[in-house]
Amino acid sequence: MTERAPRRSRLRRSALSAAAVVTLAAALLTPAAAASPTTPVAAPSAAAAAPDIPVANVKAHLAQLQSIATANGGNRAHGRTGYKASIDYVKAKLDAAGYTTALKTFSYNGSTGYNLIADWPGGDTSHVVMAGAHLDSVTGGPGINDNGSGSAGILETALAVSRAGLTPSKHLRFGWWGAEEYGMVGSKNYVNSLSAADRSKIETYLNFDMIGSPNPGYFTYRYDSALDALFRDYFAGLGISTEQDFEGDGRSDHAPFQDAGIRVGGLFSGADYTKTSAQAAKWGGTAGQPFDRCYHSSCDTSANINDTALDRMTDAIAYAIWTLSAGSTTPPTGTVFENTADVQIPDNGAAVTSAVTVTGRTGNAPAALQVGVDIKHTYRGDLVIDLVAPNGTSYRLKASSSDSAPNVQTTYTVNASAVAANGTWKLKVQDVGPQDTGYIDSWKLTF
């Protein structure tokens with residue numbers, strides 16, 4: 001994962017039948033309830049369609065990547081021999097498993113970069129489900145968690161597809177990206193090289209950047225409510241409550257796909273942010289320490305991996321691939337109430353609100369009310385965001401944090417089932433820190 005911007009940066013960058021799996025997938029992808037701690041429940045039944053990925057196999061790939069780095073100056077960075085050897089290793093595995101592979105070259109900083117694209121034969125090529133991870137490390141270390149872990153996770157999932165002889169309804173594609181550590185260069189090159197028609201065929205892109213952090217968290221991308229619900233429900237079946245990823249927002253290879261209008265999802269186990277006491281109580285590990293103390297360092301070796309997190313995350317990848325490739329995952333459009341008027345947010349000042357009036361509904365609001373937020377701001381860590389219901393009930397969407405990235409452009413899920421749907425709802429936003437400015441661009445409620 002690429003480095004985050006400095007604290008005050010104002011730079012923007014932007015074994016079931018196929019029919020049974022389809023039915024289960026459609027049921028699964030109804031947006032889930034609010035992201036409060038989840039009561040342990042039985043694992044979703046659709047998980048039976050996906051295999052248990054042996055973590056030993058994933059770790060064997062990591063051991064190979066470690067050996068490659070050791071033999072090539074201690075890293076697998078863009079433009080270095082260790083990166084090309086890493087690509088060659090992954091490609092050989094996929095070629096032997098029956099994938100159609102293609103090396104896509106690009107140039108950056110005077111060196112040739114490589115993306116590897118692997119397509120599984122069959123499936124509707126007008127509906128592509130794609131998973132990706134960056135394969136390069138920083139120059140200062142072998143990059144086994146960042147991001148050998150994600151690369152090995154999707155590699156072993158791809159090999160599991162071959163072993164199972166999977167015949168998905170949708171077309172499956174996997175990608176390994178180069179030069180991510182220089183600002184998502186490889187994935188940007190790939191997305192920009194596609195025609196508009198080919199971009200439109202990619203229905204879903206899933207990104208996996210750091211999934212084995214030694215002091216792990218369980219974070220999901222929450223840009224798309226259905227994809228978020230897919231992962232949250234899977235982990236709920238394991239008795240694990242996930243949180244929204246803010247640390248990796250806009251800093252990995254999902255960003256070019258999202259910028260191109262492709263829906264994205266993914267998982268993340270944490271980088272150099274500090275694990276809180278509440279997170280340690282929920283997930284285990286050590287409070288007050290980074291999720292990965294070796295992030296972008298020479299100690300990011302094969303010893304820098306939490307096997308339990310790596311195992312759970314890789315199984316979740318397989319679950320998503322099996323489920324999403326089986327059939328439709330697009331949630332119902334629903335009824336949308338939106339306010340597009342700009343509202344300025346005072347710097348380190350009083351809270352402001354933007355109102356949406358809901359009419360024509362019967363009964364209470366849903367248990368999975370979707371709150372889409374688009375706030376332009378130079379430092380989103382300063383922002384506290386609440387949804388205020390017509391009866392005055394307030395739902396905290398976002399607390400202030402040390403997140404130095406700009407803008408809040410995401411969808412939150414709120415359990416508002418105790419509140420009548422009709423009436424005036426408000427998005428309440430307050431800037432609680434100095435030096436940065438912004439405004440509410442738009443927001444919407446989807447019932």
- prompt: Among the residues of the stretch 235-245, which ones are assigned to a loop (DSSP other than H, G, I, E, B), surrounded by fewer than 21 Cβ atoms within 10 Å (Cβ to Cβ) and in contact with a Ser or Thr (Cβ under 7 Å, 6 or more places away or on another chain)?
  reply: 241
- prompt: In the list 232, 222, which residue meets the criterion of being outside any loop (DSSP other than H, G, I, E, B), of a type in the set (Lys, Arg) and within 13 Å of the chain's Cα centre (by Cα)?
  reply: 232
Answer from 110, 165 - the residue that is farther than 22 Å from residue 251 by Cβ, modelled with pLDDT under 95 and open to solvent by 40 Å² or more (accessible area, probe 1.4 Å): 165
task: Check whether at least one residue in the stretch 255-262 is farther than 29 Å from residue 159 by Cβ and part of a helix (DSSP H, G or I), and report yes or no.
output: yes
query: In the set 438, 372, which member is of a type in the set (Gly, Ala, Ser) and over 27 Å from residue 361 (Cα atoms)?
result: 438
message: Return the residues of the stretch 406-433 that are over 23 Å from residue 358 (Cα atoms), touching a helix residue (DSSP H, G or I) at 6+ places or on another chain (Cβ under 8 Å) and open to solvent by 20 Å² or more (accessible area, probe 1.4 Å); say none if nothing qualifies.
response: 406, 432
field: Residue ID - nearest to residue 433 (Cα to Cα), chosen from residues in the stretch 381-396 that are out of contact with any Phe, Trp or Tyr (no Cβ under 9 Å at 6 or more places or on another chain) and not β-branched (Val, Ile, Thr)
entry: 382
task: State all residues of the stretch 207-228 that are farther than 20 Å from residue 55 by Cα, hydrophobic (A, V, I, L, M, F, W, C) and crowded, with 24+ Cβ neighbours inside 10 Å; if no residue qualifies, say none.
output: 227
- prompt: Of all the residues that make up the stretch 64-79, how many are outside any loop (DSSP other than H, G, I, E, B), in contact with a helix residue (DSSP H, G or I) (Cβ under 8 Å, 6 or more places away or on another chain) and open to solvent by 30 Å² or more (accessible area, probe 1.4 Å)?
  reply: 3
message: Tell me the residue from 68, 53 that is at pLDDT 50 or above, over 24 Å from residue 322 (Cβ atoms) and of a type in the set (A, V, I, L, M), please.
response: 68
query: Condition test on residue 157, is it open to solvent by less than 10 Å² (accessible area, probe 1.4 Å), under 14 Å from the mean Cα position of the chain (by Cα) and either of a type in the set (S, T, N, Q) or modelled with pLDDT of 95 or more (or both)?
result: no
task: Consider residue 249 carefully, then state whether it is buried (at least 21 other Cβ atoms within 10 Å of the Cβ), in a loop (DSSP other than H, G, I, E, B) and not aliphatic (A, V, I, L, M).
output: yes
statement: Per the filter on the stretch 269-286, residues out of contact with any His (no Cβ under 9 Å at 6 or more places or on another chain) and either among the basic types (Lys, Arg) or crowded, with 20+ Cβ neighbours inside 10 Å (or both) are 269, 270, 273, 275, 279, 282, 283
- line: Those residues of the stretch 150-163 which are in contact with a strand residue (DSSP E or B) (Cβ under 8 Å, 6 or more places away or on another chain) and not aliphatic (A, V, I, L, M) amount to 150, 151, 153, 157, 162
- line: Of the residues in the stretch 332-380, those that are modelled with pLDDT of 95 or more, out of contact with any Phe, Trp or Tyr (no Cβ under 9 Å at 6 or more places or on another chain) and hydroxyl-bearing (Ser, Thr, Tyr) come to 353
query: So which pairs qualify, if the first residue must be in the stretch 261-284 and more than 30 Å from residue 194 (Cβ to Cβ), the second must be surrounded by fewer than 21 Cβ atoms within 10 Å (Cβ to Cβ) and among the polar types (S, T, N, Q), the Cβ gap must be under 8 Å, and the two must be at least 6 apart or on different chains?
result: 273/402; 274/289; 275/286; 275/289; 280/286; 282/241
- prompt: Counting just the residues of the stretch 305-331 that are open to solvent by 10 Å² or more (accessible area, probe 1.4 Å) and modelled with pLDDT of 95 or more, which one comes out farthest from residue 230 (Cα to Cα)?
  reply: 305
query: Does residue 82 count as assigned to a strand (DSSP E or B), on the phi < 0 side of the Ramachandran plot and crowded, with 19+ Cβ neighbours inside 10 Å?
result: no
Condition met for residue 353 (out of contact with any helix residue (DSSP H, G or I) (no Cβ under 6 Å at 6 or more places or on another chain) and β-branched (Val, Ile, Thr)): yes
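The values are calculated or read from the model by the stated rules, or taken from the named source; none is laboratory data. Everything quoted here is computed from the prediction, not taken from an experiment. Here Cβ is always computed from backbone atoms with ideal geometry, including for glycine, and neighbour counts include all displayed protein chains. Note: areas computed on protein heavy atoms with side chains; ligands, DNA, RNA excluded. Shrake-Rupley method; radii C 1.70, N 1.55, O 1.52, S 1.80 Å.
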